[in-house]
Amino acid sequence: MDVEKTTKTFTKKKSSCHSNKIITCVFLLLLIPILVHLQASPFYFFSSPTATSRAFFNKWKGIALDASAGPSIPKNSDGLISKLRESVTFLPLKDLRFAETAMEGNTWFMSSLNDTHEANEAEYLYFPSQMSKGRLLCIKGRHATDGTKNSYALVWPEALPDSATLMKGLTFVSDTFYDYGNLWHGLTGMAPFVGWSMKNKCLNPTRWVLFHWGELRSKMGSWLQHLMQANFGDVKIEGFGGDGPYCFEKAVVMRHNEGSMGKERKLQVFDLLRCNARRFCGISPEGKGQETNERGEPIIRLTLLMRTGSRSFKNASAVTDIFARECAKVEGCTFKVAQSENLSFCDQVRVMTYTDVVASPHGAQLTNMLFMDRNSSVMEFFPKGWLELAGVGQYAHHWMADQSGMNHRGAWWDPLDKKECPFPQQDLDCFNFYKNGKVGHNETHFAEWARIVLDQVRISKMQIATRSPTNKPQPNSIACKC
């Protein structure tokens, strides 16, 4: 009887042991494809960079080794890492499925990845992070004419592709629908990086990687590069020495320009950029707003900021005479004419630092309003056809004035008396016909408008002088001291 009981017990233990081995094998067979899937999928995310990822591997390595002593279990994780490396999947940087909604949602740039949204901030992607499950961003290809031939993938730090180059430090990756040459377009693309840096201990990038529609760009315009240099230090734009892949130790990706950045953050960003640009150019405007003439009247600096070519004034000398004459009627008003194309970056900063009212045709040169003190004034002029055909884009400098703390004092549109456009039924073609035209003038209107604006500025300056013995600019930033 005892022998029979012992035999049953032994058989039960043997059966139980056999069952455990089967369960362990099934578990391990299921585990490997799950890990491979996590590596290949760009949708699944979690935290902390290399340390977390390594702990993840060590954890599962320990479980596998403890679960069974069978010969099918590897002594280390090399085999698993090799499988993860081989499973890396690169996707097109530019996804043509979203060509019609290129700037909406996840955009057509890295379309499989979801942005991080934070109150008052531009949406962004950060690698490695909780969102990327500790994985790094890798980019392959350096095509400058076809973004679909460039690609990206998310990769575990321990399982970089065999031919990958690891780029140390923090990389700022930008994709813009516009360009990096135009002052306003470039600024709207770079401002989110300044905002992100302000919120993250004023971190500076080791390098920049620039894309336009997923196509690699090797430079930004001189004005924009000087502005970024003033804020971040040396600007290194990565051109990649080969097709890659190149993986980034840390990376911030912006693909919406200013996107959902709130007005408060924009004011802080522009304050910081203004202050750093002045410091970079050796300009100290302390007390500028309090300057008065010998009779105690506030000094009002009026600048007519000219441009050549498209959207310049048809009769620049007539416009100059009108504003010079009206300025001369206001005690304390000084008048200057500046040609934007003839000014270096620091010359532009200097001219606008000492400007209270800028009058200028619509164009990128008006982006220099950034360097005026808060509460300064802007007057803008348009060629014919813009009011009727240009759409909301013509209000770009209205928006910028509001976002940088300036007063946009209105605009004048050259009247479209009769349609000269040879495509009367096609608004877009008609706009292109008028787009780069020159700006006329209306002496009566210009004179009256200048009179009103100068009077408003004079009253404002006197009120400020009454309220405070010093008129310091708004705080630059609560985070990054200039």
Report task. Please indicate, with yes or no, whether at least one residue in the range 344-352 is under 30 Å from C480 (Cα atoms), touching a helix residue (DSSP H, G or I) at 6+ places or on another chain (Cβ under 6 Å) and either free of Cβ contacts under 8 Å to residues at least 40 places away in the same chain or open to solvent by 10 Å² or more (accessible area, probe 1.4 Å) (or both). Result -> yes
Query raised in the report: Within the range 365-384, is there a residue that is among the aliphatic types (A, V, I, L, M), within 15 Å of V439 (Cβ to Cβ) and within 24 Å of the chain's Cα centre (by Cα)?
Result: yes
Report summary line: Selection over the range 389-424 where residues are under 16 Å from E258 (Cβ atoms) and among the hydrophobic types (A, V, I, L, M, F, W, C) yields a count of 5
Requested in this report: Taking G309 as the residue in question, decide whether it is open to solvent by less than 30 Å² (accessible area, probe 1.4 Å) and on the phi > 0 side of the Ramachandran plot.
Outcome: no
Report task. With a cut-off of at least 2 residues that are out of contact with any Asp or Glu (no Cβ under 7 Å at 6 or more places or on another chain) and over 27 Å from Q268 (Cβ atoms), name the helices (runs of 4 or more DSSP H) lying wholly within the range 344-458. Result -> 386-389, 427-434
Report task. For the range 357-392, name all the residues that are under 24 Å from D455 (Cβ atoms) and either open to solvent by 10 Å² or more (accessible area, probe 1.4 Å) or among the polar types (S, T, N, Q) (or both). Result -> S360, D373, R374, N375, S376, S377
Query raised in the report: In the range 139-184, which residues are touching a helix residue (DSSP H, G or I) at 6+ places or on another chain (Cβ under 7 Å) and of a type in the set (S, T, Y)?
Result: T148, S174, T176, Y178, Y180
Query raised in the report: Which members of the range 200-212 meet the condition of being more than 14 Å from the chain's Cα centre (by Cα) and touching a residue at least 60 places away in the same chain (Cβ under 8 Å)?
Result: K201, C202
**Report entry** Pair list, Cβ under 7 Å, 6 or more apart: the range 369-388 residue under 30 Å from C421 (Cα atoms), other residue of a type in the set (K, R) and not in a strand (DSSP E or B)
**Finding:** P383/R311; P383/K438
Report summary line: Over the range 414-473, the set of residues basic (K, R) and open to solvent by 60 Å² or more (accessible area, probe 1.4 Å) is K418, K419, K435, K438, R451, R458, R467, K472
Requested in this report: Filter the range 155-177 down to residues that are under 21 Å from P92 (Cβ atoms) and not hydrophobic (A, V, I, L, M, F, W, C) and give me whichever is surrounded by the fewest Cβ atoms within 10 Å (Cβ to Cβ).
Outcome: S163
Query raised in the report: Which one of these does R265 not meet: (1) open to solvent by less than 10 Å² (accessible area, probe 1.4 Å); (2) within 20 Å of A401 (Cβ to Cβ); (3) within 17 Å of the chain's Cα centre (by Cα)?
Result: (1)
Query raised in the report: Restricting attention to the range 234-255, which residues are among the basic types (K, R) and either open to solvent by less than 10 Å² (accessible area, probe 1.4 Å) or within 14 Å of the chain's Cα centre (by Cα) (or both)?
Result: R255
Query raised in the report: What is the residue count in the range 102-154 for residues that are among the hydrophobic types (A, V, I, L, M, F, W, C), in contact with a Ser or Thr (Cβ under 7 Å, 6 or more places away or on another chain), open to solvent by less than 20 Å² (accessible area, probe 1.4 Å) and assigned to a loop (DSSP other than H, G, I, E, B)?
Result: 1
Query - Selected residue (only one of N204, N231 is open to solvent by 20 Å² or more (accessible area, probe 1.4 Å), of a type in the set (S, T, N, Q) and not in a helix (DSSP H, G or I)) - result: N204
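The values are calculated or read from the model by the stated rules, or taken from the named source; none is laboratory data. For clarity, every value in this text was computed on a predicted model and none was experimentally measured. Note: ideal-geometry Cβ built from the backbone for every residue, glycine included; neighbour counts use all protein chains shown. Each accessible area value is taken on the protein alone, full model and side chains, heavy atoms only, with ligands, DNA and RNA left out. Shrake-Rupley method; radii C 1.70, N 1.55, O 1.52, S 1.80 Å.
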